[in-house]
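Reading through the structure tokens given below for one structure.
The values are calculated or read from the model by the stated rules, or taken from the named source; none is laboratory data. Note that this is a predicted model, so its numbers are computed, not measured. Here the Cβ positions follow ideal geometry from the backbone for every residue, glycine too, while neighbour counts run over all protein chains shown.
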Amino acid sequence: MAVMKTPGVYIVEKNAFPNSVVEVATAVPAFIGHTEYADNRNVPLAMKPWRISSMAEYHQFFGGPPKPVFKIAAPADGQSADFQAVAERDKDPQGFVIQQADGVEGGRFGLYQALRHFYQNGGGPCYIVSVGTYKDELDKELMTKGIDELLKEQEPTMVLVPEAVSLKTIDDCKDVQQAMLAHCGGKMRSRIAILDIYNGDKALNDNLAPVDTFRDKLGINYLDFSVAYYPWLNTSIVGEKELSFENIHKDSIATLKSLMLAELRLDAKPAEDAPARDKAMADAIAGVDTDFEAQVKAAFDEQKKTDPKAKDPTPDQIKAGVLARKALLNKTLSSVSGVFNTVLNEARRHLNVMPPGPAMAGIYTMVDNSRGVWKAPANVSLSGVISPTVSISAEQQEDLNVTAQGKSINAIRSFIGEGVLVWGARTLDGNSLDWRYVNVRRTMIMLEESCKLAAKALVFEPNTANTWVTIKSMIANFLTGIWKRGGLMGAVPEDAFSVHVGLGETMTPDDVLEGILRVTVLVAMVRPAEFIEITFQQQMPKS
């Protein structure tokens, strides 16, 4: 109020309503992994969390996909073949397997495809932490460092490291996942970790025992801030036109050429009297390992001989010519060789086997936007998914859902006439009555963070009854709105929540002297109807 020293009329405005609590965002994942580059107009973005809202923005700041490279090899002992083909003319068919090359050479980087799956399932804004380029090896230390960079960001509510399952050993993956748990549950306590199971494309009774090994390695710390899904998924993310002969490893080019020649019953160098079609197909097969840039330059040189006015080609012209020749060759091989198509289809199938974590982050976003964070992200179909890699029965899911150790793992199952559904909504702390369900944990994080940010406006305010009334009404109004939207239990607001603050109620005189204002909020959380029992009983006829 102004000091009244001069005669006149003074206007005094008083706030009639308390400050409001703004609901924080609940579905903003942070993805950590390798990108083609990390650059914002010559400003490096390496190891810097960067917010994007679409794949177009990702391409702008982080580039495109890696180039996966595959080898064609004979199956190892006990390994089933991916396809059969004749390696030499008039010989019996042999079995072959398609294997993605290791490390940098094979392009084993999963962040790009993970983001595509995330957006296909309803994803929105997210953060990217680029820990390296496609020229760097996968390294658990870099991934852990990328997790630590998120300490500077307040907005992310989920943490994912899709490439952790591509590390060389399960112990390396375990170290990264434990760092995720410590970050989410120990340091921040405002986000959850979505974990993928190492070798999660294998069956429960496989020698690798993926689920049992995952439970044994993970430990018991901060399980209520984490969630895991099993099995991996057969997806349709990578399309038919995204692979070509360039995705075959240089060491397997000779094998591919021999398979195609044997299939078409051709010689590498047809005789002079051979049909023109045979010569053309043999030339196409031989062109798989051709120096296309040299061919394009030679074509321009020939043009200059016949046209004195022709100029030297520009780099863009050479690049366009190389791309055109490669596209034509790939189209030719696809039209004449079934083996060529089989090899590429098997390679694409391998690429499309993906862990479910990124898709689930998209599901969380979609459910939060349509129903609210308190709705369990389950009984929802997955987009871009053909089938789970492992079919799970109801009996097999019993051990996933309820165990003595409490490490509940949510199943993804296929149902006739319904498609592939998420069939579980538990955190890894499955024995806890407080934090058994992921929607309960995420709702509580939202309530805590929203009230925390709103209460900052009252820091350094007098610790008196006026401040107590203000903060109580502010939180009560916010929780009333959440209750009206179905986020809290109870027929009336008094049954859904209660807010307590004041001297003798939540504080002692010593608290006031020390500048401490204590507020106690009790909320009745919404829990999913995980088990529905319908009782049938016979009754006597009434007529």
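Of Ala203, Ala193, Ala209, all but one fail to be in the same structural domain as Tyr119 (by TED's automatic domain parsing), of a type in the set (A, V, I, L, M) and touching a His at 6+ places or on another chain (Cβ under 8 Å); the exception is Ala193. Of all residues in the stretch 367-395, those satisfying the criterion of being buried (at least 18 other Cβ atoms within 10 Å of the Cβ) and assigned to a helix (DSSP H, G or I) are Val367, Asp368. For the stretch 249-276, filtered to residues that are exposed (fewer than 11 other Cβ atoms within 10 Å of the Cβ) and without any contact (Cβ under 8 Å) to a residue 12 or more places away in the chain, the residue that is nearest to the chain's Cα centre (by Cα) is Ala276. Residue check: Glu57 meets all listed conditions (1) exposed (fewer than 10 other Cβ atoms within 10 Å of the Cβ); (2) free of Cβ contacts under 8 Å to residues at least 24 places away in the same chain but one, namely (1). Is there a residue in the stretch 161-174 that is touching a residue at least 12 places away in the same chain (Cβ under 8 Å) and closer than 19 Å to Arg51 by Cα? Yes.
Within the stretch 190-232, being of a type in the set (A, V, I, L, M) and assigned to a strand (DSSP E or B) holds for Ile192, Ala193, Ile194, Leu195, Val227, Ala228. Here Asn463 meets each of (1) part of a loop (DSSP other than H, G, I, E, B); (2) loosely packed, with under 15 Cβ neighbours inside 10 Å with one exception, condition (2).
With respect to Glu505, is the statement that it is in a loop (DSSP other than H, G, I, E, B) and surrounded by fewer than 17 Cβ atoms within 10 Å (Cβ to Cβ) true? Yes; evaluated as a whole, the condition is true for this residue.
Picking from residues in the stretch 427-451 that are more than 19 Å from Leu488 (Cα to Cα) and out of contact with any helix residue (DSSP H, G or I) (no Cβ under 7 Å at 6 or more places or on another chain), the one that is surrounded by the fewest Cβ atoms within 10 Å (Cβ to Cβ) is Asn431.
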